[in-house]
1. In the list B:Cys207, B:Cys235, which residue meets the criterion of being crowded, with 18+ Cβ neighbours inside 10 Å, within 14 Å of chain A (Cβ to nearest Cβ) and closer than 30 Å to A:Gln51 by Cβ?
2. Those residues that are part of a loop (DSSP other than H, G, I, E, B), in contact with a helix residue (DSSP H, G or I) (Cβ under 8 Å, 6 or more places away or on another chain) and not hydroxyl-bearing (Ser, Thr, Tyr), I need them from region B:169-205; list them, please.
3. Which one is surrounded by the fewest Cβ atoms within 10 Å (Cβ to Cβ) among residues in region A:60-86 that are more than 7 Å from chain B (Cβ to nearest Cβ), within 14 Å of the chain's Cα centre (by Cα) and under 16 Å from A:Arg30 (Cα atoms)?
4. Which of the residues belonging to region B:71-94 are of a type outside the set (Gly, Ala, Ser), surrounded by fewer than 18 Cβ atoms within 10 Å (Cβ to Cβ) and assigned to a helix (DSSP H, G or I)?
5. Which residues, taken from region B:57-78, are in contact (Cβ under 8 Å) with a residue 24 or more places away in the chain and either among the charged types (D, E, K, R) or over 17 Å from B:Arg419 (Cα atoms) (or both)?
6. Which one of these is touching a Cys at 6+ places or on another chain (Cβ under 6 Å), buried (at least 23 other Cβ atoms within 10 Å of the Cβ) and modelled with pLDDT of 95 or more: B:Tyr433, B:Tyr480?
7. Checking B:Ser274 against (1) touching a helix residue (DSSP H, G or I) at 6+ places or on another chain (Cβ under 8 Å); (2) in contact (Cβ under 8 Å) with a residue 40 or more places away in the chain; (3) outside any loop (DSSP other than H, G, I, E, B), which test does it fail?
8. Look through B:Glu52, B:Glu75 and report the one residue that is charged (D, E, K, R) and either within 14 Å of chain A (Cβ to nearest Cβ) or within 30 Å of A:Ala37 (Cβ to Cβ) (or both).
Amino acid sequence: MKGEENRHHRRWVAEKLGPDAASRELEFTRKIFCLDAKNYHAWSHRQWVLQALGGWEDELDYCAQLLEEDVFNNSAWNQRYFVITKSPFLGGLRAMRDSEVDYAIEAIDANLENESPWRYLRGLNNDENEAWLNDSRVHSACLRVLKAKRNFKFALSTLLDLLGLSFKPNQEIKDAITSLRTSDSGEAGSDSDLANSICSILAREDPMRANYWTWRSSKLSQAAEV
Amino acid sequence: MPIGIAASFRFAGPRKEKKKKKLGGARMEPPPPPPPPPLGTTVTQRDQWTVEQEVGRIYSFFAQLPPAAQSFALEVQRDNHIEYLTRGLRGLAPSFGSLDASRPWICYWIIHSLALLGEPIDAELEESIIDFLSRCQDPSGGYGGGPGQLPHLATTYAAVNSLITLGGSRSLSSINRDKVHNFLRQMKQPSGGFRMHDGGEIDVRACYTAISVASTLNILDDELAEKVGDFILSCQTYEGGIAGEPGSEAHGGYTFCGLATMILINEVDRLDLSRLIDWVVFRQGVECGFQGRVNKLVDGCYSFWQGGACALLQKLHPFGLSEGGEDESTDSIDSSLYAASNVSEQEEQENNLESASPQVDGTCQFKQGGPQSASCSENTGNASYNFHERCAEGGSLFNSSALQQYILLCSQLPEGGFRDKPGKFRDFYHTCYCLSGLTVCQYSRSKHADSPPLPWDVVGPYSNLLEPIHPLHNVVLSKYQEANEFFAG
């Protein structure tokens, strides 16, 4: 609570001092991030500063720098999303989506188990499913991971989401999924079989979430009935 | 025994070679020093590695204990917790230094923990707490951190929950409801959210504390609820979880607060529940406990924030299939849907028993039969009162036995109290939320919020069973019900 009160006081002071306070406040949070790059209150304050006082010009670079230092820093990924959607200098999510997909996939390829870029990638589509469904870079990325046969739970989960949006996978993807199954039950048939396959593979490979994958599977059959 | 998870924990090393036993039994060798983290790793990876080593050591050690010792290790150390908590409560009288502004919180953490353990508080102590909290009440409404301090939503929540947990007419009638109502209205913002205190921040936690208090005191009206949903919706992030403010990172504490609030104001369907569920279930990591955010470290307190969010989500029906929770009367339930849901739930229960619960012996499959849906209470308007009576369909979304294992083996201190993680010190906050998380786990597959769990839903001896809570307010259910009656009408 103490941190909250201080932060609020800083806001009050900064508001009084006007736009010149922007660079000083941004520098203040930067110093905090040197010690604790994920400090929740400091990130909240930084976002407030940008929106109230400006200073957006270097923010995307700053995110890139933090991610250089620690690509697992989810706060930096979150800030990146904030910048690409809100910065008056960048044109918004639609304009930025293409380059950001590349950025996220590059991060995924570097560390398959890093959940941050996977969620970021999903966040980029922002319910505009057409672009998401037709983006072959996303499909290839998933395929690459499946073929590596390790750390593939996010790839499978992403494919499961895509299948839920009526994604039609090519044969290569279908084969890659089938090859991860342990039981020999022949070719994957329809897409709902494929989705069910994914759920069973995940229930096996990701036992912590076995109930969740079973539940996803049951949702598939309910959706099919409707 | 949930050894399945412990043994599969990837840092559980191979069993040590058997040393020659001296007379008098096996000696415990000190564990070898952990290997250094691999080169070229980031801060996140190194910190995570360190925690995994610590936790892995605990689980490996546990795995090779004889059964009697394992049983003991999994026991809730009631007496020691009660002693730790009671001493803390008595020690509240003198100031706690930097926590001086948070005495109502400490009250709540301790009183709630004792209530979960089923331990009554002696009458004299109870009286002095009621007295103290009364003096924290501001003349114009709300509770501050201490006598004479400005009122604050968080301390109001803590004070009200404490008084409800103490129960009895003296405690409950000490709450000046009209004044609390005034205070809430003052904190309400045109945008829909609430400020924590006069001139304070607007965030999801403020919304939750306000709405939760309004609900328990039966003063939740349209004015207070107006546009709260809009604000919380704007706090659901691209990741699926909920942040404190729009733009901030998805976070377990705020996710619980946001979700609970939306349920209380009957607007939960506005959230993207699929994405929310997907985010929250992935917060349970290899250590078996929950983390607060993606790529952050496990922490015992998230057993409640994240585990509790899962428990709430289980009671909802994201696809809008009417399975007994939403309609005013059972007559309006489509009987074909009812039959379908009955069957799939039975299958799901069986699947869950086989695949998810390591403790279950194949010979004691639990058969669900009969019209469970029909026996659920319907939601007749008071979102809070009947919510806890909704049936959780199909077992727990999260891994309940794994979480219990983390709480009991990694967070619990045998000498009393609970901590964030190994290497941290115990405190009342973590004691409160680890115990709250534990009860959430124990009742996570119960048909009703207070129906006794089955033996295999409770990790450790069945005597570990805690009191059930109201999952939206985190107060012991029987106390909530007493208060609900008291404040009705």
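The values are calculated or read from the model by the stated rules, or taken from the named source; none is laboratory data. As the structure is a computational prediction, the values presented were derived from the model and not from experiment. Glycine also receives a Cβ, built like all others from the backbone with ideal geometry; neighbour counts cover every protein chain displayed.
1. Only one candidate passes the filter, namely B:Cys235.
2. Result: B:Ile175, B:Gly192, B:Gly193, B:Met196, B:His197, B:Asp198, B:Gly199, B:Gly200, B:Glu201, B:Asp203.
3. Among them, the one singled out is A:Leu67.
4. Within region B:71-94, B:Phe72, B:Arg78, B:Asp79, B:Asn80, B:Ile82, B:Glu83, B:Thr86, B:Arg87, B:Arg90 meet the criteria.
5. Within region B:57-78, B:Arg57, B:Ser60, B:Phe61, B:Phe62, B:Ala63, B:Gln64, B:Pro67, B:Gln70, B:Ser71, B:Glu75, B:Arg78 qualify.
6. The conditions single out B:Tyr433.
7. It is condition (1) that B:Ser274 fails.
8. Residue meeting the stated conditions: B:Glu52.
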